[in-house]
Amino acid sequence: MTFRILVVDDDAALAAELGRALTRRSHDVVIKTDANEGFEVLASQSIDAVVTDLNMRGMNGLEFCQRILRNWRDLPVIVITAFANLETAVATLRAGAFDFIAKPFTPTQLE
């Protein structure tokens, strides 16, 4: 099954790497390096899931997740981070994230 996935990460190289990995698995991927650009995509395109980094310049991943879910309640948001601990995982899930994945991870784990 092919999904349209929005990847939002202010690290352009990591976002591109995630995009390539998901594309190799036959998904259609839209990449943005800014949360506000991500909202523009969500408002104008049909998206099946969002993958976002926790620590970004400007709006962080928790706030991004919360704002997404206020407007697109059923949209799964997966938050990734290199700064994983129990407190962060709990905060992410309380913010409404579908899942929380610690870096490093494999594309299979993400899928």
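Values quoted throughout were computed directly from the atomic coordinates according to the rules given, and no laboratory measurement underlies them. In this text the structure is predicted, and so the values were computed from the model without any measurement. Every residue, glycine among them, receives a Cβ derived from its backbone with ideal geometry; neighbour counts consider all protein chains shown.
Annotation: amide H of Ile101 within the under-5 Å range of Val79, Ile80, Thr81, sequence separation 5 or more or interchain, hydrogens built in the peptide plane. When the chain is treated as a GNM, springs tying every alpha-carbon pair under 10 Å, which of Val51, Val29, Val90 comes out with the largest mean-square fluctuation? Residue with maximal mean-square fluctuation among Val51, Val29, Val90: Val90. With the contact rule set at Cα under 8 Å and sequence spacing of 6 or more, what percent relative contact order holds for region 1-49? Relative contact order for region 1-49 comes out at 50 percent.
Taking region 80-98 and a reference point 7 angstrom along Cα→Cβ of Arg25, the backbone N atoms nearer than 16 Å belong to 80-81, 98. Annotation: average projected area of the chain is 6.2 square nanometres, based on the convex hull of Cα atoms across all directions.
Given springs between every Cα pair under 10 Å in a Gaussian network model of the chain, which of Glu87, Glu17, Glu40 has the largest fluctuation? It is Glu87.
Using a cutoff of 8 angstrom between alpha carbon atoms and counting only pairs six or more residues apart, the relative contact order for the chain works out to 24 percent.
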